[in-house]
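A short reminder: the numbers here are calculations on the coordinates, not readings from a lab. Everything numeric here is computed off the predicted structure, so don't read it as measured data. Heads up, the Cβs are rebuilt from the backbone with ideal geometry, glycines too, and the neighbour counts pull from every protein chain shown.
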Amino acid sequence: MNRYFNPVQTICGKNALSELPSLLSEIIPPDGRVLLITWNESTAQLETFVQIRDAFHVQCVCFNESNPTVEQLFELYRKTAEFSPEVVVAVGGGSVMDVGKSLCCFYGKSIASADEMRCMISEKSYGGPKAKWIGVPTTSGTGSEVTCWATIWDPTQNVKRSVESRENYAYAAVVDPNLTKSMPLSLAVSSALDAAAHAVEAYWANGSNAVSKALALGAVRTIMTHIDGLLEGDESAYESMAQGSMIAGMAFSNTKTTACHSISYPLTMHFHIPHGTAVSMLLAPVMKINAGKVQDMELLLEALGADSCEMLSVRIKDILKRAGIPCTLSEWNVEEESLPMLAAQGLTPGRADNNPVSITKEKIEEILRSIYR
Ligand SMILES: [Fe+2]
């Protein structure tokens, strides 16, 4: 199906954040209710957010957990349901935006416990959103500001859940590279490689389409051309990463991801390998098994700045090392005996079956062994 849909208006570039008050005025009256979610309290003190607090009725909350769980999402719902915001402004990385957009689906419903919320998520019975949301990323990687799904983890049941609704795309994405400059280098690089993986996987996904492919090539080229600048401390690279990450998000908003993401989730859940790092370690070996099934593979390799999967593998390891990030599973303290379990859990429904070449747990174990040392 060669169909593409994404209704998110995007405001991207230096000082884009200053547009936020006028965006809110388009949606709500002066006394409208805004929930402002930030990673830390100091972000909420930025001038634009002070203006918003002066102009609207605002509840501020901090959410500083990576890989949000059902329990954490419920706790945030419990704190904010009575306020019942008309707009949620989520300012942060993927975790903050994922909880922000998820909350929109739960307001207006009476939910008494985390277990009840867990059931609603697994049965997808939350229905359409009651509030609108605006995504303001402070990392450049997840693309969550332009997708209609959110990842919510459920470690008690060893699963990754998804809150998703086609009606829950953001009203707008405000992508201001100034907000991303305080990221530590390892996070900036890991996030950029996550975005590159989103684009690569959008390109070869079974569910791909002409628009996603074009966006994917543009995003990959932008990220991989400027990632050396990021490693060398070039300030302008942050703008390129912000733009590349958002465009990668638009590419995979319609295709979802494939084997790299599928295999990465248990690595993050059990061994806390940061998401972008885990995904990037899998990019070259998955590309190797997919190679024969990807149309116009040479265009993708050219955008990646590599002439083969082997060269891509060397390039990614070099990037990770220069950022001070371990680049093998053994360096991440993954026990070799865990590989069969990780392989068995790497077949994530909706991701593994979206890969152009079908993967089995035996194939995944082989891939994991190839990045072990
Ligand atoms: Fe990702």
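Over all Cα atoms in the stretch 1-44, the spread is summed up by Rg and Dmax: 14.7, 45 Å.
In terms of overall dimensions, the C-alpha atoms belonging to the stretch 283-373 reach 38, 34, 18 Å along their principal axes, ordered largest to smallest.
Look at the alpha carbon pairs under 8 Å that are at least 6 residues apart: their mean separation over the length of the stretch 170-232 gives a relative contact order of 37 percent.
Plainly put, the stretch 188-370 has a radius of gyration that is 0.94 times its Kirkwood radius, both from alpha-carbon atoms, as the Rg/Rh ratio. Full extension of the chain segment joining residue 55 with residue 331 gains 94.3 nm, where the gain is 0.36 nm per residue of separation less the Cα-Cα distance. Beyond 24 Å in Cα-Cα separation lie the following of the pairs 288/317; 14/130; 101/124; 160/288; 109/256: 14/130; 160/288; 109/256. Normalising the average separation of contacting C-alpha pairs (under 8 angstrom, six or more residues apart) by the number of residues puts the relative contact order of the chain at 16 percent.
Here the spin labels are modelled as points 7 Å beyond Cα on the Cα-Cβ line, and at residue 361 and residue 83 they lie 4.4 nm apart.
Here the Karplus curve 6.51 cos²θ - 1.76 cosθ + 1.60, taken at θ = phi - 60°, turns the phi angles of the stretch 91-100 into couplings of 10, x, x, x, 5, 5, 5, 5, 6, x Hz, with x standing for Gly and Pro. Computed over the alpha-carbon pairs of the stretch 9-178, the distance histogram in 10 Å steps reads 11, 44, 35, 10, 1 percent, short to long.
Taking amide H atoms as placed 1.01 Å from N in the peptide plane, the amide H of residue 153 lies under 5 Å from those of 69, 70, 161, each 5 or more residues away in sequence or on another chain.
Using R0 = 45 Å, the C-beta based FRET efficiency linking residue 40 and residue 372 works out to 0.80.
Applying 0.36 nm per residue to the separation of residue 157 and residue 181 and subtracting their alpha-carbon distance, the gain on full extension is 5.0 nm. Taking packing as the residue-averaged number of other Cβ atoms within 10 angstrom, the listed peptides 110-122, 71-83, 165-177, 94-106 run from highest to lowest as 94-106, 165-177, 71-83, 110-122. Using only the Cα atoms of the chain, build the gyration tensor, take square roots of its eigenvalues as a ≥ b ≥ c, and label the shape rounded, prolate or oblate: rounded if a/c is under 1.5, else prolate if a/b is larger than b/c, else oblate. Taking the square roots of the gyration eigenvalues as a ≥ b ≥ c, the chain is prolate. Extension gain for residue 19-residue 206 works out to 63.6 nm (0.36 nm per residue, less the C-alpha to C-alpha distance). Scan the stretch 175-262 for chymotrypsin sites (Phe, Trp or Tyr not before Pro) in coil per DSSP, keeping those whose Cβ has at most 13 other Cβ atoms within 10 Å, and list them by number. Taking the stretch 175-262 and a limit of 13 other Cβ atoms within 10 Å, no loop chymotrypsin sites (Phe, Trp or Tyr not before Pro) are found.
Which whole-number percentage describes the relative contact order of the stretch 32-143, with Cα contacts under 8 Å and a sequence gap of 6 or more? It rounds to 31 percent for the stretch 32-143.
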